[in-house]
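First comes the structure, then the notes that go with it.
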Number of protein chains: 2
Amino acid sequence: MPMPMPIPGYAYGTPEAARSPITGEELEKLKAAVGFTPEDERYLRRAGDVLEDQIDEVLDVWYGFVGSVPHLLYYFTGPDGQPLPSYLEAVRKRFGQWILDTCRRPYDQQWLDYQHEIALRHHRTKKNRTDGVQAPEHVPLRYLIALTAPIALTIQPFLAKKGHSDEEVEKMHQAWVKAVVLQTALWSYPYAKEGDW
Amino acid sequence: MPMPMPIPGYAYGTPEAARSPITGEELEKLKAAVGFTPEDERYLRRAGDVLEDQIDEVLDVWYGFVGSVPHLLYYFTGPDGQPLPSYLEAVRKRFGQWILDTCRRPYDQQWLDYQHEIALRHHRTKKNRTDGVQAPEHVPLRYLIALTAPIALTIQPFLAKKGHSDEEVEKMHQAWVKAVVLQTALWSYPYAKEGDW
């Protein structure tokens, strides 16, 4: 097996990743509030196997969506108002890895820390820094939450492409939706007023 | 037809409802970010017809879920730590109406205003006031977002109960998920730091 190419800015498990302010106990309670169970974990592993060789096609759908909504594409534009191809491409590589991490990583302290890093990279705290770009300085909370819907819904046909039964596809999809909502809740942390999160 | 019983605290379209700080243009952009289309509106109308006589059963599932998660039920408890039945019941009536409003109301200024009222009633700004109770003073943002998952997922079997084709059920369900995520994004407003929403 060739070594996979390192992904620039992918700080998972490294000292560059932020340290999450969220405790393990808070994470467990949040998982319960989402309805996330050990069965969902198992179906996410299966979803990872189903999605592994479809990552580019999934990203094409998501990038097609964002590219078709000018006020979303805006967050990838430079001072001249034009989309920044190198920024789009750098985020895309990490986004692909994020799909696999969502399916395969244990949701432990390292994972929690990297979720916080992702949160900060959308918030004005740290947006643009990883890739050294001059794009708009902040992705609003409302769009962070809104994107849960296309990310949750558009994965379904990809889960159905490898001959699993309707019931298995449904269970993989439910696990995916829960995992995405769980992460959106974690990513909202830097946006909330003191004590409101 | 008998007049329906008025629902205490249901301030939709009344001067008691808050005025939303969110503009019509922001709402339209948010709908686009969720991927919400006129087709979704049509499928929501159909979902309303499908759900109309199943509201109590849906609420039983949701209340069963919240009741089974102590740190969620907590937000309905009184100073002695016990759940407040009258509070649970008052919220339940409005929750049932919310299902129908989600499916049938036009997403206009009145609707936007009432979404803001709902937001404030979860946030410390206004929680407990409508029902005059002494429950915990604030539902955290993370749980508001987390509940998107069970609310989005558990409606599916109810949509499938009236003999519609798999494709129609899927389209009603997608419209429902988008509508729920859209509202969660609106409800997050009072939680966000100045300029972060």
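Could you grab the pairs with beta carbons closer than 7 Å, sequence gap of 6+ or different chains, first residue in region B:123-148 and farther than 20 Å from A:ALA179 by Cβ, second one assigned to a helix (DSSP H, G or I) and among the small types (Gly, Ala, Ser)?
Going by the 7 Å Cβ cut-off, the qualifying pairs are B:ASP131/B:ALA90.
Does B:TRP111 meet the test of being over 30 Å from A:GLU26 (Cα atoms) and either in contact (Cβ under 8 Å) with a residue 40 or more places away in the chain or not β-branched (Val, Ile, Thr) (or both)?
Considered against the rule, which asks whether it is over 30 Å from A:GLU26 (Cα atoms) and either in contact (Cβ under 8 Å) with a residue 40 or more places away in the chain or not β-branched (Val, Ile, Thr) (or both), B:TRP111 comes out as yes.
Quick one: is A:LEU73 free of Cβ contacts under 8 Å to residues at least 60 places away in the same chain, aliphatic (A, V, I, L, M) and in contact with a Pro (Cβ under 9 Å, 6 or more places away or on another chain)?
yes
In region A:25-44, how many residues are open to solvent by 50 Å² or more (accessible area, probe 1.4 Å) and farther than 23 Å from A:LEU100 by Cβ?
Selection size over region A:25-44: 4.
Among (1) touching a His at 6+ places or on another chain (Cβ under 9 Å); (2) over 20 Å from A:GLN156 (Cα atoms); (3) not basic (Lys, Arg), which single condition is B:ILE145 missing?
(1)
Being in contact (Cβ under 8 Å) with a residue 40 or more places away in the chain and open to solvent by 50 Å² or more (accessible area, probe 1.4 Å) is the filter here; which residues of region B:50-64 pass it?
B:GLU52, B:ASP56, B:GLU57, B:VAL61 - these are the residues of region B:50-64 that are in contact (Cβ under 8 Å) with a residue 40 or more places away in the chain and open to solvent by 50 Å² or more (accessible area, probe 1.4 Å).
Here is a yes/no grid of residues against (1) part of a helix (DSSP H, G or I); (2) within 17 Å of A:ASP56 (Cα to Cα); (3) modelled with pLDDT of 95 or more:
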site: A:PRO150; (1), (2), (3): yes, yes, yes
site: A:PRO157; (1), (2), (3): yes, yes, yes
site: A:HIS164; (1), (2), (3): no, no, yes
site: A:GLU167; (1), (2), (3): yes, no, yes
site: A:GLN174; (1), (2), (3): yes, no, yes
site: A:LYS178; (1), (2), (3): yes, no, yes
site: A:THR184; (1), (2), (3): yes, no, yes
site: A:GLU194; (1), (2), (3): no, no, yes
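Based on what the data block shows, is A:PHE36 outside any helix (DSSP H, G or I) and within 19 Å of the chain's Cα centre (by Cα)?
Spelling it out, A:PHE36 is indeed outside any helix (DSSP H, G or I) and within 19 Å of the chain's Cα centre (by Cα).
So how many residues does region B:78-112 have that are among the acidic types (Asp, Glu), open to solvent by 20 Å² or more (accessible area, probe 1.4 Å) and part of a helix (DSSP H, G or I)?
Residues flagged as among the acidic types (Asp, Glu), open to solvent by 20 Å² or more (accessible area, probe 1.4 Å) and part of a helix (DSSP H, G or I) within region B:78-112 amount to 1.
Restricting attention to region B:167-197, report how many residues are out of contact with any helix residue (DSSP H, G or I) (no Cβ under 6 Å at 6 or more places or on another chain) and either of a type in the set (D, E, K, R) or within 7 Å of chain A (Cβ to nearest Cβ) (or both).
Of the residues in that region, 5 qualify.
State the number of residues belonging to region A:159-177 that are of a type in the set (Gly, Ala, Ser) and surrounded by 24 or more Cβ atoms within 10 Å (Cβ to Cβ).
1
As an exercise: evaluate B:ILE7 against (1) surrounded by fewer than 17 Cβ atoms within 10 Å (Cβ to Cβ); (2) within 25 Å of B:ALA149 (Cα to Cα) and give the number of the one condition it does not meet.
(2)
If a residue has to be within 12 Å of chain A (Cβ to nearest Cβ) and surrounded by fewer than 19 Cβ atoms within 10 Å (Cβ to Cβ) to count, how many in region B:128-158 make the cut?
Looking only at that region, the number is 5.
Against the conditions (1) of a type in the set (D, E, K, R); (2) touching a residue at least 60 places away in the same chain (Cβ under 8 Å); (3) in contact with a strand residue (DSSP E or B) (Cβ under 8 Å, 6 or more places away or on another chain), where does B:LYS193 fall short? Just the number, please.
(2)
Just give me the residues in region B:10-24 being of a type in the set (Ser, Thr, Tyr) and open to solvent by 40 Å² or more (accessible area, probe 1.4 Å), in sequence order.
The answer is B:TYR10, B:THR14, B:THR23.
Open to solvent by 10 Å² or more (accessible area, probe 1.4 Å) and closer than 24 Å to B:MET172 by Cα - does that describe any residue in region A:178-193?
Scanning region A:178-193, I find at least one residue that is open to solvent by 10 Å² or more (accessible area, probe 1.4 Å) and closer than 24 Å to B:MET172 by Cα, so the answer is yes.
B:PRO83 versus (1) touching a strand residue (DSSP E or B) at 6+ places or on another chain (Cβ under 9 Å); (2) within 14 Å of chain A (Cβ to nearest Cβ): which is the lone unmet condition?
(2)
In region A:7-32, which residue that is hydrophobic (A, V, I, L, M, F, W, C) and touching a residue at least 60 places away in the same chain (Cβ under 8 Å) is nearest to the other protein chains (Cβ to nearest Cβ)?
By that ranking, first place goes to A:LEU30.
Limited to region B:113-148, what total is found for residues that are within 15 Å of B:THR184 (Cβ to Cβ) and assigned to a loop (DSSP other than H, G, I, E, B)?
Within region B:113-148, residues that are within 15 Å of B:THR184 (Cβ to Cβ) and assigned to a loop (DSSP other than H, G, I, E, B) number 4.
The values are calculated or read from the model by the stated rules, or taken from the named source; none is laboratory data. The structure presented is a predicted model; accordingly, all values stated were derived computationally and were not measured. All Cβ positions, glycine included, derive from the backbone under ideal geometry; neighbour counts span all protein chains shown. Ligands, DNA and RNA are excluded from the accessible area calculation, which covers all protein heavy atoms including side chains. Shrake-Rupley method; radii C 1.70, N 1.55, O 1.52, S 1.80 Å.
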